[in-house]
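A.B. asks: The structure follows.
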Amino acid sequence: MEFRDIREEKAVDSLLHTLKEGNYKKATLKLGELRGRPEEFMKLFEYITHESRLQDLKLKIKTVKARVRCLSCDWKGDPEIVRNGVRCPRCRSDVKVLRGHEFHFEL
């Protein structure tokens with residue numbers, strides 16, 4: 001099975017290492033809207049934990065909505081998502097991402 005971003009695979013692997021040291025039954029992944037699709041991460045998690053003592057762990061994914069500030073018109077809000085990234089929906093300029101790249105676990 002192939003996944004697009006090795007960083008996420010390493011993050012899931014790190015989580016699994018932590019889980020193996022404890023007796024956790026559930027975990028929550030806070031996933032920024034700009035980081036990826038929840039179903040893709042769930043597939044990765046299920047693939048890595050298949051036939052292990054962690055395969056019954058309940059993983060919940062909470063999506064964190066993206067929010068940006070326009071570098072030209074100073075507008076704040078939801079970005080326009082385009083093929084190569086995000087931009088201001090009002091003036092089509094570059095933006096600073098304020099929220100939406102999150103990728104962290106809560107146990």
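A.B. asks: Please give the number of the condition Glu102 fails out of (1) surrounded by 15 or more Cβ atoms within 10 Å (Cβ to Cβ); (2) free of Cβ contacts under 8 Å to residues at least 40 places away in the same chain.
C.D. replies: Of (1) surrounded by 15 or more Cβ atoms within 10 Å (Cβ to Cβ); (2) free of Cβ contacts under 8 Å to residues at least 40 places away in the same chain, only one is false for Glu102: (2).
A.B. asks: Right, another one. Among the residues of the range 1-53, write down those that are exposed (fewer than 14 other Cβ atoms within 10 Å of the Cβ), outside any helix (DSSP H, G or I) and either modelled with pLDDT of 75 or more or touching a Ser or Thr at 6+ places or on another chain (Cβ under 6 Å) (or both).
C.D. replies: Passing the criteria: Gly22, Asn23, Lys25, Lys26, Arg37, His50, Glu51, Ser52, Arg53.
A.B. asks: Looking at (1) in contact (Cβ under 8 Å) with a residue 40 or more places away in the chain; (2) more than 18 Å from Glu102 (Cα to Cα), which is the only condition Asn23 fails?
C.D. replies: (1)
A.B. asks: Among the residues of the range 79-107 satisfying the criterion of being touching a Pro at 6+ places or on another chain (Cβ under 7 Å) and among the charged types (D, E, K, R), which is farthest from Arg37 (Cα to Cα)?
C.D. replies: The qualifying residue farthest from Arg37 (Cα to Cα) is Arg87.
A.B. asks: Would you mind stating whether Thr63 is touching a strand residue (DSSP E or B) at 6+ places or on another chain (Cβ under 8 Å), within 23 Å of Leu107 (Cβ to Cβ) and of a type in the set (Ser, Thr, Tyr)? Let's see the steps before the verdict.
C.D. replies: Working: touching a strand residue (DSSP E or B) at 6+ places or on another chain (Cβ under 8 Å): yes; within 23 Å of Leu107 (Cβ to Cβ): yes; of a type in the set (Ser, Thr, Tyr): yes.
Judged against the criteria, Thr63 is a match.
A.B. asks: If Asn84 passes every condition in (1) closer than 21 Å to Lys10 by Cβ; (2) loosely packed, with under 13 Cβ neighbours inside 10 Å but one, which one does it miss?
C.D. replies: Failed condition: (1).
A.B. asks: How many residues does the range 54-70 contain that are surrounded by fewer than 13 Cβ atoms within 10 Å (Cβ to Cβ), of a type outside the set (Asp, Glu) and over 18 Å from the mean Cα position of the chain (by Cα)?
C.D. replies: Within the range 54-70, the subset surrounded by fewer than 13 Cβ atoms within 10 Å (Cβ to Cβ) is 55-56, 58, 60, 62, 65.
If we keep only those that are of a type outside the set (Asp, Glu) too, we end up with 55, 58, 60, 62, 65.
Applying the additional criterion that residues be over 18 Å from the mean Cα position of the chain (by Cα) yields 55.
Counting residues in the range 54-70 that are surrounded by fewer than 13 Cβ atoms within 10 Å (Cβ to Cβ), of a type outside the set (Asp, Glu) and over 18 Å from the mean Cα position of the chain (by Cα) gives 1.
A.B. asks: Somewhere in the range 43-59, is a residue β-branched (Val, Ile, Thr) and within 24 Å of Tyr24 (Cα to Cα)? Please lay out each step first, then the result.
C.D. replies: The initial filter retains those residues of the range 43-59 that are β-branched (Val, Ile, Thr), namely 48-49.
Retained after the next criterion (residues that are within 24 Å of Tyr24 (Cα to Cα)): 48-49.
Yes, there is a match, as at least one residue in the range 43-59 is β-branched (Val, Ile, Thr) and within 24 Å of Tyr24 (Cα to Cα).
A.B. asks: Collect the residues in the range 60-94 that are under 26 Å from Glu40 (Cα atoms), outside any loop (DSSP other than H, G, I, E, B) and in contact (Cβ under 8 Å) with a residue 24 or more places away in the chain, keeping them in residue-number order.
C.D. replies: Result: Lys60, Ile61, Lys62, Thr63, Val64, Arg67, Val68, Ile81, Val86.
The values are calculated or read from the model by the stated rules, or taken from the named source; none is laboratory data. All values derive from a computational prediction rather than experimental measurement. Counting neighbours? That spans all protein chains shown, and the Cβs are built from the backbone with ideal geometry, glycine included.
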